[in-house]
Structure formats: structure tokens, C-alpha cells
Amino acid sequence: MPIPLVIEASRQAGLAISHVGLEVGLDQQYLLDEVTVLFPDHHPVVPCDAPFEAELEVAVVSVRYRQGKVCGLTFAGSWIVAGSVVVIATASMRCISAANYPALRRRAAVPERRVEVPTAPLSAGPNGQRVVGWKPHDPLLFDHPVDHVPGMALIDAMLSIDPFPDTFTVRFHQFAELSELVAAHIRTTSTSRTFTFAQGSEVVASGKTVSRP
């Protein structure tokens, strides 16, 4: 089952719950802090080139408040195929008001400063490093205007190395800027891979994939 689909559909369901059930304003920006995808059994094989039927049940795990307003939430989405839970996605997000968001993005690159990147999820870069790339018109990555490297681009980079893990986790520590290449450092064991994404000396995200023997 495609992990990007699991993450994005679960995220959108969580956003809908926050708007309808928790009265989060439509002008809020959502920042994804961490996401974990767990396949209770081994990663199931679901055709990627044809429709398939699944149910998605989403539960709010926790809600964080500041001055009486929702400022963050954690939710879990269970995907059910043929009566069985085949994958569980858990995500933690922050809610940032439209007024406060610009203060977080003072480092955002103006368009003319954006660096050119490869179109493959991972490619050889300078000094023997691997660098993250993406297709600039990918509808999954760029379904709305962005002022930073989409988190899904880093997720795609991880999955290009380990496409069918049993557990997938990624944490976003800070914004990855469009003005600089994102380097990927990967450490591999017999059952796992650990990923560190950095721009210069700053770690912007980290993740891990695990496959059962």
C-alpha cells in the first residue's frame, strides 16, 4: 500500500476533524511535526495502478490548547481492507495562525534564490553526498503554493531507498529551505535504515524505516 497515500489521506481526514469537530479556523496553517506508519503484519500488497476499496477510521489521540484555542493535535488513522486493519498512521501537527506564520518564515527564500534540484528523489550531490530532489510540478508535493521544501519530498527520498518497510517514522525539526540543497545521510543495518536530512550544519528532519526479518 503506498505510504504517501496513507499519510496524505490520513492527514486530510485529521484536518477535516480539526475544522468540523474542534473549530479550528480555516485560516490556520498546519505544521506536521511527526508521522509514523505501522503495518501490523508485513507490508500488504495492494495494486498501485488500479482502484482499491478501504475504510479509514480516524481517532483524535490528544489535543493541545493555548489561551483556550487549539494549537496542536495528534490523531491516528486505521486503514481497513477486507475487514482487517492493514495499516495505522499516527501524526502530530501544530496549528499556526495566519498572523503568526510569517514570523516563522523569515528565512523563506524569495523565488529568484531557489536552488535547482534533481528530479529524482535521491541523487548524487557535491562532496559525495546524496541530495533530495523532486519534480517541480508533482501534484502530490505541490498541490498548493509552498515557501519551503515539502515534507513529502523527504518522505519520497526515504521510500526510494526502502519502498516497503513495516514501520516508517519521520520527524520534522525545522523548515527545509528552497534556497539550499537538502543532504541525506543514511545508516543501514540488517533490518533498518536511519535517515538524517540536513542543510549545512542544521538537521531539518530525521527518520527511520524498519522491516521485520
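Some points to look at:
- Being within 30 Å of Pro213 (Cα to Cα), surrounded by 13 or more Cβ atoms within 10 Å (Cβ to Cβ) and either of a type outside the set (S, T, N, Q) or touching a strand residue (DSSP E or B) at 6+ places or on another chain (Cβ under 9 Å) (or both) is a property that does not hold for His148.
- Residue, surrounded by the most Cβ atoms within 10 Å (Cβ to Cβ), within the range 189-206, restricted to residues that are under 12 Å from Met158 (Cα atoms) and among the hydroxyl-bearing types (Ser, Thr, Tyr): Ser206
- Ser62 falls short on exactly one of the conditions (1) modelled with pLDDT of 85 or more; (2) surrounded by 10 or more Cβ atoms within 10 Å (Cβ to Cβ), and that condition is (2).
- Inclusion of Leu141 among residues that are part of a helix (DSSP H, G or I), closer than 21 Å to Arg94 by Cβ and without any contact (Cβ under 8 Å) to a residue 60 or more places away in the chain is not warranted.
- Those strands (runs of 3 or more DSSP E) of the range 165-213 in which at least 3 residues are on the phi < 0 side of the Ramachandran plot and aliphatic (A, V, I, L, M), considering only elements entirely within it, cover 183-188, 202-210.
- Scanning the range 26-53 for residues that are at pLDDT below 90, more than 13 Å from Arg94 (Cα to Cα) and either not in a loop (DSSP other than H, G, I, E, B) or not hydrophobic (A, V, I, L, M, F, W, C) (or both) turns up Asp27, Pro40, Asp41, His42, His43, Pro44, Pro47, Asp49, Pro51, Glu53.
- Enumeration of residues in the range 73-100 that are part of a strand (DSSP E or B), over 17 Å from Gly151 (Cβ atoms) and among the hydroxyl-bearing types (Ser, Thr, Tyr): Ser78, Ser84
- Qualifying residue in the range 171-178 (condition: modelled with pLDDT of 95 or more, of a type outside the set (A, V, I, L, M, F, W, C) and outside the structural domain of Val70 (by TED's automatic domain parsing)): yes
- Residues satisfying the stated conditions in the range 169-190, i.e. among the polar types (S, T, N, Q) and more than 21 Å from Ala89 (Cβ to Cβ): Gln174, Ser179, Thr188, Thr189, Ser190
- Within the range 132-170, tally of residues that are modelled with pLDDT under 90 and in contact with a Lys or Arg (Cβ under 7 Å, 6 or more places away or on another chain): 1
The values are calculated or read from the model by the stated rules, or taken from the named source; none is laboratory data. These figures come from a predicted structure and were not determined experimentally. With ideal geometry, Cβ positions are generated from the backbone for all residues, glycine too; neighbour counts draw on all protein chains shown.
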